[in-house]
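The values are calculated or read from the model by the stated rules, or taken from the named source; none is laboratory data. Bear in mind that the values here come from a model prediction, so they are computed numbers and not experimental data. As a convention, Cβ positions derive from the backbone with ideal geometry for all residues, glycine included, and neighbour counts pool all protein chains shown.
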Amino acid sequence: MLLYTILFYLLSALILAATGLAVTRRNLVHAVVYLVISFFGSAMLFYLLGAPFLAALEVIIYAGAVMILFLFIIMMLRVADFEEQMFPPGQSIPAAILALGYLGIGAVLIFSDPGSRAPLLPAAAEPRVFGSYLFVKHWLAIEVVSLLLLVALVGALYIGRANKARTVATVNKENV
Amino acid sequence: MTVLLGFLVLFAKLAVVLGVLLFLAAYLVWVERRFLGRLQVRLGPNRVGLFGLLQPLADAIKLITKEDTVPAEADRFIFLLAPAVVAVTALLMFAVVPFGPDITLGGHAIPMVISDINIGLLFVFALSSLGIYGVALGGWASNSKFSLLGGIRGAAQMISYELALGLSLVPIVMLARSFSLVDIVNAQSRIPFIVAQPVSFVIFLLSAMAESKRIPFDLPEAENELGAGFHTEYSGMRFGLFFIGEYVHMQVLGALIAVFFLGGWHGPFLPPAVWLLIKIILVALVMIWVRGTLPRLRYDQLMALGWKVLVPAALVNILVTGVLLV
């Protein structure tokens, strides 16, 4: 049990340090690298808490796909322009207020739940068990999220199509 | 005492697997150069040792003794990190590949796999998606136009084909009813999955070749337009790490194709590990043969193949498998 505790605090320290560095870097590529390390740390935390399936998904989707897309956009920007890409410091005030609110609510939720006092036992959930739990108990939430994703997909397709149609129209007009 | 023994066995397995992987990576380079030479009606390296067999050793000495240069305007930290990411993720993927049935030694069953985690297949995907960072960041950090273009192409290509790669394996998981590579191999004790899932096999093979960035999918390197692309600026052993990463990746893909479609270590007469090795080398030879035969795809052809052919085909395949299973 002691080993798990030590690992938990080590990982938490790694995640906090990496996230802190990611937020404060002025070089966006460095920020992305630190954020990937942070996601990777969260994945290991999931693994430690007995959810290897979630850990793998965290790495594949967040550390893998989402951050690669971020990196992709950043790499398209010019390297010399990085300093000007940063937001003015004033914009971080609303972010700080929201973060503090989230911290407060999170703390209240965690300390009011009696389950948070129980010591954590090392366990591992089978992907099959996890899947049936998700789709039997939370099927409505899953359906809502899938619908949301479908809307996003249709929206992306619509924007892409609209751009294409407009370009074709402009070219045709110029030709006339 | 049992814990200590367990660690000893684990380290022995790690040492053997690492040794075989790196040795085979070095000799795959030799095989590729000789076999490609034959395909192109020339000799290939034949000066160092008998049949040029000492060529990998000479190459290693050359790479290690060369100066490790960093371009003046490069992002030093990321530039130095990127090759390691490529090599490490490729090597780690082998951790979940089983190379034989359990053997019993002194009353203890020793599994012939480094780690049989119940999400083995997803572990492979997680590492393969992290491997993209090596290419993308290496290309960006070099601060050279050729490298940057190579890195961007690499990232775009690898995320596009990762989708088809993942979707093509869903029917395999449905048939084996498990993410664990050990269970997937055990499910093929009678017939290999290539018989039940030929469409899946073709999609996986094509996407796997695109993931490994080899001809006809070598746009991130494209010698004649980008001059080696994402690793243009690398020298010495850091270039060597990219190289090791590529050839280890070839073996990992061979092993994965063997595990998912060719029945893994199953086979008559010969020991299981030898069968796995034969299958890996067979896949590698096919990949070299393809390299010697096909020209490079154009960028739009690459994207069209991935998104308009492989992904829809994989989705239909999942649907058909689901209907047939139910």
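Numerical summary
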| quantity | calculated |
| --- | --- |
| Residues of region B:100-128 satisfying the condition of being hydroxyl-bearing (Ser, Thr, Tyr), touching a residue at least 12 places away in the same chain (Cβ under 8 Å) and surrounded by fewer than 23 Cβ atoms within 10 Å (Cβ to Cβ) | B:Ser115 |
| Residue match in region B:162-181 (condition: more than 27 Å from B:Pro312 (Cβ to Cβ), under 19 Å from the mean Cα position of the chain (by Cα) and within 11 Å of another protein chain (Cβ to nearest Cβ)) | yes |
| Per-region count, region A:26-48, residues more than 19 Å from B:Gly134 (Cα to Cα) and under 18 Å from the mean Cα position of the chain (by Cα) | 6 |
| The lone exception for B:Gln157 - which of (1) modelled with pLDDT under 85; (2) within 14 Å of chain A (Cβ to nearest Cβ) it fails | (1) |
| Search result, residues across region B:134-149 that are within 18 Å of B:Glu223 (Cα to Cα), surrounded by 24 or more Cβ atoms within 10 Å (Cβ to Cβ) and either out of contact with any helix residue (DSSP H, G or I) (no Cβ under 6 Å at 6 or more places or on another chain) or more than 11 Å from chain A (Cβ to nearest Cβ) (or both) | B:Gly138, B:Ser142 |
| Looking only at region B:200-223, and only at residues there that are without any contact (Cβ under 8 Å) to a residue 60 or more places away in the chain and in contact with a helix residue (DSSP H, G or I) (Cβ under 7 Å, 6 or more places away or on another chain), the one that is nearest to B:Lys145 (Cα to Cα) | B:Ala208 |
| Residue, farthest from B:Glu233 (Cα to Cα), within region B:79-94, restricted to residues that are of a type in the set (Val, Ile, Thr) and crowded, with 20+ Cβ neighbours inside 10 Å | B:Thr89 |
| Any hit, region A:86-93, residues being modelled with pLDDT of 90 or more, of a type in the set (A, V, I, L, M) and either within 18 Å of B:Leu130 (Cα to Cα) or out of contact with any Gly (no Cβ under 9 Å at 6 or more places or on another chain) (or both) | no |
| Per-region count, region A:56-71, residues at the interface with chain B (Cβ under 9 Å from one of its Cβ atoms) and within 13 Å of the chain's Cα centre (by Cα) | 11 |
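Per-residue answers, yes or no, for (1) over 26 Å from A:Ala125 (Cα atoms); (2) within 11 Å of chain B (Cβ to nearest Cβ); (3) part of a helix (DSSP H, G or I):
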| site | (1), (2), (3) |
| --- | --- |
| A:Leu7 | no, no, yes |
| A:His30 | yes, yes, yes |
| A:Tyr34 | yes, no, yes |
| A:Phe39 | no, yes, yes |
| A:Leu54 | no, yes, yes |
